[in-house]
Amino acid sequence: MATTVLRPATTTYRTGLYEWLTTTDHKKIGILYVLNSFLFFLLAGLLALGVRTELARPGIQFFDEKLYNQLFTMHGTVMIFLFIIPMLAGFGNYVVPLMIGAADMAFPRINALSFWMLPLGGLLLFSGFLTGGAAAEGWTSYSPLAQAKYAGMGTDLWLVGLTLIGTSSILGAVNFLVTIFKLRAPGMTLFRMPILVWTVLVTSVLVLMATPVFTSALIMLFIDRNYGGHFFDPATGGNAILWQNVFWFYSHPAVYVMILPAMGIISEVLPVFSRKPLFGYRAFVFATSAIGALGFSVWAHHMFTTGSVFLPFFSLMTFLIAVPTGVKMFNWIATLWGGHIRLASPMLFAIGFLTMFLIGGINGAFSAAVPVDFALHDTYWVVAHIHYVLFGGSVFGVFAGIYYWFPKMTGRFLDERLAKVHFVLMFVGMNLTFFPMHLLGLAGMPRRIADYSPAAGWSELNLLATIGGFTIAASMLPFIWNVLVSLRSGVEAGDDPWEGNTLEWATSSPPPPYNFDHLPEIRSERPLFDQRHGLLGSGH
Amino acid sequence: MPSRRSRLSRARSLGLVALAALLLGGCSQIAGLYPPAAATDQGQRIRDLYDLVFAIAVVIFLFVEGLILWAVFRYRRRDRVGLPPQVHGNNTLEVVWTAVPMAIVAVLFFFSWQTLNTVDARAADPALKVDVVGFQWQWQFSYPDAGVTVIGLPDSPPELHVPAGQTVELDLKSQDVIHAFYVPSFLFKRDVVPGKVNVFDFRIDQPGTYRGQCAEFCGLGHDRMTFSVVAQTPADFAAWLAAKKATPAPSAPAGAAAGSAPPSAGSGQAASLSLSASNIAFGSASLTAPANTAFSLTFDNQDQGIPHNVDIKDASGTSVFRGDVVTGPARTSYSVPALKPGSYTFVCDVHPNMSGTLTVQ
């Protein structure tokens, strides 16, 4: 029996503020990531409520165009760069070292550095509101609209803030890769790694290859604006489409950065709550890698209407990337098939992910058909698509993860009844908000408009979407209440409350510094399952 | 027991199929799930493709969503005794659900490529060519052969008149930021990109009016960059073009009282002011003019290819003078009627964020 002895448990988690500010423990940094990201989720959600409130009825009622444009720009930017990406990185931080039986991340100090760049970057982004207006060119910040001639100082703050956040991402990716390749426990071969670790691995490769391109583009635009760089401004010999190419070369893979780890989370949750192994583990790994690779060849499908794209190639690649995504969907369903399904809160959100992400996959395929994209591009259809992927997919995945690992992080369960209220409100709210947007897009409503004519016939659907938006906001109340109450008086969870499969459940809840006293033997991707049922029971 | 159970499950699956068929039929009936009826030939091709993609999408959606829900309800277990069979995978199934989607996307790609080739096809000799210039924040349509130009303002969007039944070519140009020419009934849009010219053809079969607007976010006035396309019979179109040619273009919109007051009664020489515009901003933020006397305002628009004007509004926001729009670089002289003493604002109608104060004393 291979037993790895690591440094024994010493202190508990009841430590002061100073400890939290200076910690290099991956679990505390992971929790900081999650808290920080959740805070920005609430802020960006409020910005979205502003957008929905203004659009509820035709006419300008609450925010003029100047403020409205800042609202949706900051909503998109903050949700993507300060909520989804770092939230998933936070789960990775907390869970990956535990799952591979490591004591910490490979570079604990770099880990702390990459976290602390985030609140700083966020502060810079938001400080635009105090200096005459935040960035207001949309989260895509197309040139020439983002040039100094058209956009104010908020855009400089946006560029500097995102450069910091991008750098944080790159450092985090290096840290994950070294951790995964160098710090796995004895017996933890690559093909015994939990799927979440695989998705973090592929995500980190994507970040490492794409984010430096984006960061360079940000710096080039900053030079354009402040030092006459002329990279992206045709008025001075630059090229407007060049910005779109470099922007999307990053930002399309970024969509996979935002969805792959969420897929990883539900690939942990579904087997545990079906009491079966993940169906087609290897196929799943290959599909994840295929998505990562194909993800670099589809960026120009955001630019079909520019007249500057070789359309058939990007259309074909975009259709192709649906195949590995479909493989994953069928593997998940086959995992449920014939299982003993328990609808606990993490499972509810994982099933919510399946049902909603399916829609986000299908309505995306419409835009792969180039002529159909000519009709749908830059309308509310696209807004519906991205929210079925990032809300229906990533956000449901994030909450599945929170309900799943909260007992590990705190030693206590979240309340199941409040969780169900949260789930139902969020599920209904998201469909009320985002489904009507398909119809609005088909009817010709462009995105990013502060106002529309009452004669356009879009009023009812917009009102419906606004009601849905407030329903989503309301769903946060039972959740926050649940967290606050459960932290004090939640049911004690014990080390392995869900009968988990992976190594994080082999240590105490919360785990001690450096994680493990000893590790179980690792002979498959489910070491704890093997320990519980013996190798015979696990069907090897 | 097993026979009853299998009968039950057969009844269930029959019910499921019936429900799916019902939903399928239902979805295909809801008009909101389809784009508007296509006005153009090209749009009709896109609509046909949309219908195909939509039909396949609905079938896949119902099938997969049905599988998920079926699995969840069928295999839900409250008691947690024992273990289900530990199935790790199945290579045949993996091959099937890789190959079938691959075949579906191959079909979709084939048809969308074919449609793309028809939609993007260009006529060698279109019946009409129109230059479309998108600017912050309106449109300008020029008919170079006839020497006619139509220019829009945020509160008076322009009309693009075209002959029905004939192929029209649009040359899209921008002098400032990126816009997109989008007509929902065309099921089509194309970006208007500074530094390059995008060209596309279309043919509208029936006379009619179709609303359009900018689809690429372009700043403050993006939501007000609306226009309409008016398809007329060739005879009506020719008459419209001839009438336009007869009137000097571009003119200030109706209702703007340009020079309604008689020239200054008293003083021998009229006062003269000057104002410039460059980089989407007025050269000075405040001007002073004499009261109760007409004066001339020399307006120098230095922005290459960008239209500006000067609109003077009183404290209540009512326009007391509205100058013609001039596209830079150009210089014009406005004759402003006598104004009562007070404080006024002057703005550019095209760019509502360009403003300043005019003190009349």
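None of the figures in this text is laboratory data; all of them are computed from the coordinates on show. Just so you know, these numbers come straight off a predicted model, no measurement behind them. Using ideal geometry, Cβ is built from the backbone for each residue, glycine included, and neighbour counts are taken over all protein chains shown.
Remarks
- At R0 = 41 Å, FRET efficiency that the Cβ-Cβ distance of A:M209 and A:E19 yields, to 0.05: 0.70
- For the protein assembly as shown, the antiparallel share of DSSP beta bridges with both residues in that region comes to about 70%.
- Protection proxy ranking, peptides A:463-475, B:58-70, average beta carbon neighbours within 10 Å, highest first: A:463-475, B:58-70
- Here r is the Cβ-Cβ distance between B:Q361 and B:S296 and R0 is 25 Å; the resulting FRET efficiency, rounded to 0.05, is 0.90.
- Lys, Arg +1 and Asp, Glu -1 on Cβ, resulting dipole of chain B about Cα centre, debye, nearest 20: 2120
- Separation of the stretch B:40-91 from the stretch A:170-201 is 32 Å, based on Cα centroids.
- Peptide A:270-279 has a mean shielding of 3, counted as Cβ atoms of other protein chains within 10 Å of each residue's Cβ.
- Three-way shape label, the stretch B:154-233, alpha-carbon gyration tensor, a/c 1.5: oblate
- Packing-based ranking, highest mean first, of B:306-318, A:190-202 given that Cβ atoms within 10 Å are counted: A:190-202, B:306-318
- Cα-centre dipole for the stretch B:37-137 with unit charges at Cβ (Lys and Arg positive, Asp and Glu negative), debye to 20: 660
- Only beta bridges with both residues in the stretch B:107-213 are counted; by DSSP, about 75 percent of them are antiparallel.
- Based on DSSP H segments of at least four residues, each scored -39500 (n - 2.57), chain A has a per-residue ellipticity at 222 nm of -22000 deg cm²/dmol.
- For chain B, the mean residue ellipticity at 222 nm estimated from helices alone is -10500 deg cm²/dmol, where every DSSP H run of n ≥ 4 contributes -39500 (n - 2.57) and the total is divided by all residues, rounded to the nearest 500.
- Ranked by the mean number of other Cβ atoms within 10 Å of their residues, highest first, the peptides A:304-312, A:358-366 fall in the order A:358-366, A:304-312.
- Positive minus negative residues near A:G138 (Lys, Arg vs Asp, Glu; Cβ under 12 Å): -1
- Cβ-based charge dipole, the protein assembly as shown, positive-most Cα from A:L49, A:L414, A:M356: A:L414
- Neighbour net charge for B:N309 - beta-carbon separation under 14 angstrom, K R +1, D E -1: -3
- Peptide A:293-305 is shielded by partner chain Cβ atoms: per residue, an average of 1 of them sit within 10 Å of its Cβ.
- Multiplying the residue separation of B:L33 and B:S156 by 0.36 nm and subtracting their alpha-carbon distance yields 41.1 nm.
- Charge dipole of the protein assembly as shown (Cα centre as origin; +1 on each Lys and Arg Cβ, -1 on each Asp and Glu Cβ, all else neutral): 2920 debye, rounded to the nearest 20.
- Taking a point 7 Å from the Cα of B:I56 along the Cα-to-Cβ direction, the residues of the stretch A:290-323 with backbone N closer than 14 Å to it are A:315-323.
- Shielding by partners, peptide B:275-281 (average Cβ within 10 angstrom, other chains): 1
- Loop trypsin sites (Lys or Arg not before Pro), the stretch B:70-142 (other Cβ atoms within 10 Å of the site Cβ: 15 or fewer; DSSP): B:R77, B:R78, B:R80, B:R122
- Across the options B:A38, B:V81, B:L62, the greatest Cα extent toward the positive end of the charge dipole of the stretch B:30-105 (unit charges at beta carbon of Lys, Arg, Asp, Glu) belongs to B:V81.
- Residue by residue, the stretch B:352-361 carries 3J(HN,Hα) couplings of x, 7, 8, 8, x, 10, 10, 9, 9, 9 Hz when phi is fed to the Karplus relation 6.51 cos²θ - 1.76 cosθ + 1.60 (θ = phi - 60°); x denotes Gly or Pro.
- Given charges at Cβ of Lys, Arg, Asp, Glu: chain A dipole, positive-most of A:I31, A:M263, A:W505: A:W505
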